[in-house]
1. Counting only residues that are of a type outside the set (A, V, I, L, M, F, W, C), farther than 18 Å from residue A:272 by Cα and touching a Ser or Thr at 6+ places or on another chain (Cβ under 9 Å), which one in the range A:665-685 is surrounded by the most Cβ atoms within 10 Å (Cβ to Cβ)?
2. List the number of the failed condition for residue A:70; all other conditions in (1) under 20 Å from residue A:198 (Cα atoms); (2) surrounded by 15 or more Cβ atoms within 10 Å (Cβ to Cβ) hold.
3. Residue by residue through the range B:17-32, note down the ones that are out of contact with any strand residue (DSSP E or B) (no Cβ under 8 Å at 6 or more places or on another chain) and in a helix (DSSP H, G or I).
4. Exactly one of these conditions fails for residue A:148: (1) of a type in the set (Ser, Thr, Tyr); (2) surrounded by fewer than 15 Cβ atoms within 10 Å (Cβ to Cβ); (3) more than 23 Å from residue A:319 (Cα to Cα). Give me its number.
5. Exactly one condition in (1) within 14 Å of chain A (Cβ to nearest Cβ); (2) surrounded by fewer than 20 Cβ atoms within 10 Å (Cβ to Cβ); (3) over 20 Å from the mean Cα position of the chain (by Cα) is not met by residue B:16; state its number.
6. Within the range A:721-743, which residues are assigned to a strand (DSSP E or B) and buried (at least 24 other Cβ atoms within 10 Å of the Cβ)?
7. When the residues of the range A:329-357 are narrowed to those that are crowded, with 24+ Cβ neighbours inside 10 Å and basic (Lys, Arg), which ends up nearest to residue A:666 (Cα to Cα)?
8. Just give me the residues in the range A:98-125 being within 14 Å of chain B (Cβ to nearest Cβ), farther than 17 Å from residue A:258 by Cβ and of a type in the set (Val, Ile, Thr), in sequence order.
Amino acid sequence: MAVHESWIGKSLPRVEDRALIQGQGQYVSDIRFDGQWVMALVRSPHAHARITRIDTEAAAALEGVHAVITAKDMEALRRGLPDSTPIAPPALAYDEVFYVGEPVAAVLADSRYLAEDGADLVQVHYEALPVLTSAEQAAKDEVVLHPSVGSNIFDAFHMTSGDGRDALQQADHVIRATLQMGRVSPQPMEPRAIAASYNPADGTLLVYHATQSVHRAQERIAQITGLDKEKVRVIAPEVGGGFGVKNGSYPEEALVTYLAKHFKRPIKWAGDRFEEFLSTSQEREQTHHVELGVKQDGTIIALVDTYYQDNGAYPGGGAMVSRNTARNLPGPYRIPHMHIEGYTVFTNKVAQRPYRGAGRPQGHYIIERMLDRAADELGLDRVDIRTRNLIRPDEFPHRTGTDSVYDSGDYPAAFAELLSLIDVPAFRRRQREARQQGIRLGLGLSNSVEISAGFGFEGVRLTLMDDGRVMLATGATGQGQGHRTALAQIAADALHVSIDRIMVVEGDTARIDKGIGTFGSRTIIMAGNAATMASEGFVEKAKNMAAQLLEAAVDDVVFSDGRFSVQGVPSVSLDWRALAERMAEAGEDPLTHEDAFSSGTPTYGFGSHAAIVRVDENTGETRIERYVIIHDTGKVVNPLLANGQVIGGTVQGLGSALYEEMIFNEDGQPLTTSFLDYRLPGAAESPDIEIHHRDYPAPGNPAGYKGVGEAGIIPSQAIILSAVEDAFSDRRLKLDFAPVTPTRLFQALTRGETE
Amino acid sequence: MKPPVFEYVRPASLAEALDALASSEDAKVLAGGQSLIPMMNMRLARPGLLVDINHIPELTEIHDNGDTLHLGALVRHYQLETDARIKAAFPLIPEAERLIGHPAIRTRGTIGGSLSHADPAAELPVLAMLGEWNMTVHSRDGGARTIPAEEFFMSYLMTTMGPDELLTRITVPKQLAGASHIREFAVRSGDFALAIAAAMVSLNGDGSIATVRFALGGVGDVPWRNRELESSFVGTMGSDALWRDIGRQAALAIDPVDDMHASAAHRRQLAETLLTESLHRAAEMARERSGR
């Protein structure tokens, strides 16, 4: 067998980078249709109010403004958006607004400037209604936001394993705490955007969409516009980050596509940063009332958790986040008995929907913080309590009690390796010495499992191009992850060609009929396996074609080192280019093959993180001195890109640990609506992150791939709170809220939250 | 985030600029645009007329006047950060500049813009108070007048300049004796500070205080300074205990408010911490400089 170069496993820089770095990437905001109208929206300034009247005349009269649309004008825009139960928001608010930023009227004009001038002139009269800004208050149903749902609690579930709550009686100690996570706004670098152009001649609608799933968008848009799905083409051009919030329906998607068809005019909406803060989904906001039952030696007996998720005004995708929180509560620890109650509650804020992690960080936050609390209360070491409860490799397959079956890896070995890298005894000495000089150092430790994929399918279509290159099309639309590099590496290996012979096309419904999209760390698992499967079928079809062209029996055709030859006659062979040329000469249709990978089995990557922080007691500032990760990504396609995912996720988690929080006042007004006030961590705030791999191929899929996109963000919020507490272990500091901003830490230290 | 309609003029001389300012009820001066342009894009500022002063050469001048340095209103942050004349005259300026925003902001932003914008959490207004800078302002009808720093800042984002007046020149008295230092606490690199403390100390031969000045930012509606409190320490022996005492007394004298970024108590503690450190470091440098 001939040897060809293996592209899988190489740390290749992204093939995408050159164009993006040179500013040649085409994003939705770079799309300009001839004669397009630009949309700006009149958004609600109230968190909850009745609309009593809307005056649009002045706006409509403005030169350059073509139309001002309210829900009164078009029945279709009053209907609920697709894919939202038990209630769906309308494209435009009809008689009531439920959050600040909810669209009330759409202004179509020649430019965004004029559209905003028009929006300024629309006068909406409101009658204020009572505002709900706390989930636990809203859960009392004193005011019910959506009477058709009957309650503000629109998703409630109970989950019990083992003896449930009763098992607390078997524990020597029950540790109780109320733990909270603040609301975060994911803020991809490119705000949401969509542009659509309708061709009345053939009844087709072309949509450029900053979305994570072109095929799901295609289905929704067909529903909204009443067009057949086949008449709607959705293309995701370059997309500048998604993190989950560019997945699923939004009012702007319905408005742009419906109005483009209605007016037979291309329409574009490119959201700005302010709109991204007001109207794009947010996440993380939960309050947990937790009880952890432990034995004297720290062995976990039972976890009982009742939590409330402040979901905002509509479902969004929040119930999935809440349920995934439950699934992640055990983390990598053995918990024989559990009772979990989760309540997802409407309030007057923008809706929650899955954001990178989507319940994984929340669940891990709870168990990790409770282990710290238990260790502190029992006088045990925070290291020892983790080691004692980590699931061992001989316990696989391990049923968590929350619908997961962990299958691979060695959690205790990874944790032990982490501890030795950190050299915990040496750190403790340094910590003591530093404390004597008034310098506070703290160590945070955390273990995590990343549950990825486990549902649906993803397809890959391969097509032989005239020049012998192969086009790989997939519906797994990327948002900057580097799919065009990683999927090309996989296909290059299977087709025995150099990576530059593969052209990956993501996110175009015209290139592949079916697809699901990129979210939940699924693309390499799903589209990666599909690429290998499609390549196998593609090679078989190519062999048939080669047999025909070489006038040989198919069984005699050998594919080796990128060439098709007849067994015993190695001098006569065709490579992909020759095959393409000969096919073209013979008048054959281009060779193409599509296959899909389906799997109901999730992958279970894992990791152990350690952070050393230095805290300034006088200012409340926390600086991260060192951050070390032991990481399992299964079979790795491109270590550079995989590590990029881990680092990016970790830093986003650090943001939610130290800086990022959407603050709303009692009237439901968001106060942190610019990058001045909503603080994302920048380069100066990001530590150097050391990553050490311990990769265990996933047993649940042929290639052994595991998810990696959410790995970093899962533990990196909890770990910082843990480390900051450790810096004040002599004062028994307890932190119950993330992020721990300087002012929050100051309050915790001065308000007697220490003993 | 697009501004509403506005008129725009780009005068080539001071006289033209003053005419333009006098011609409109709601004119605004465009210098570096680092605050005004975002505010216009958010439609929080809606000037009817924008007077772009970036093409008036005399506003860019830096002039050494012996005891003082004259800085034109258009001198940009990066010049304040790097110009040797400025560093020699008032070393605290380049020190403070490193705390201001990011390089892109410092490339565009101007000294006149920062002072006229009068953000109490900005660095230059604190230095203006500490260094007793004088602001020269011009108007078409009123001619020129000079406003000392302590009369210049009125409240949050408000100065005592009239709507038709243009800040043209900042007169910075040279720091002749002692040493100075500035400290601030910002949540992230480049953020507006939660609190700023600047101090200037000169010592007598015996180590007692000859003069001491200190100013705070971010703790009220204008930069804070209290000369009476300062003079009460003259003649006292400089020591760590004294710096702590001054920090404490200043923290008690200010009246910060709670906002979403920091509680009043936190700001008070920051002011105390930063001022103590600032005085300590300034005194240390003053001692080094005089060879003691």
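The values are calculated or read from the model by the stated rules, or taken from the named source; none is laboratory data. Keep in mind it's a predicted model, so treat the numbers as computed, not measured. Heads up, the Cβs are rebuilt from the backbone with ideal geometry, glycines too, and the neighbour counts pull from every protein chain shown.
1. First, pick out the residues of the range A:665-685 that are of a type outside the set (A, V, I, L, M, F, W, C): A:665-670, A:672-674, A:677-679, A:681-682, A:685.
So of that shortlist, the ones also farther than 18 Å from residue A:272 by Cα come out as A:665-669, A:681-682, A:685.
In the following step, the residues that additionally are touching a Ser or Thr at 6+ places or on another chain (Cβ under 9 Å) were identified as A:665-668, A:682, A:685.
Values: A:665: 12, A:666: 9, A:667: 13, A:668: 20, A:682: 16, A:685: 18.
Per the criteria, the residue is A:668.
2. Tallying (1) under 20 Å from residue A:198 (Cα atoms); (2) surrounded by 15 or more Cβ atoms within 10 Å (Cβ to Cβ), residue A:70 fails exactly one: (1).
3. So the first thing to find is which residues in the range B:17-32 are out of contact with any strand residue (DSSP E or B) (no Cβ under 8 Å at 6 or more places or on another chain), and the list is B:19, B:25.
Passing the criteria: only B:19.
4. Evaluating residue A:148 over (1) of a type in the set (Ser, Thr, Tyr); (2) surrounded by fewer than 15 Cβ atoms within 10 Å (Cβ to Cβ); (3) more than 23 Å from residue A:319 (Cα to Cα) leaves (3) as the failure.
5. Going through (1) within 14 Å of chain A (Cβ to nearest Cβ); (2) surrounded by fewer than 20 Cβ atoms within 10 Å (Cβ to Cβ); (3) over 20 Å from the mean Cα position of the chain (by Cα) one by one, residue B:16 breaks only (1).
6. Residues of the range A:721-743 that are assigned to a strand (DSSP E or B), as a first pass: A:737-738.
A:738, the sole residue that qualifies.
7. A:349
8. Result: A:122, single match.
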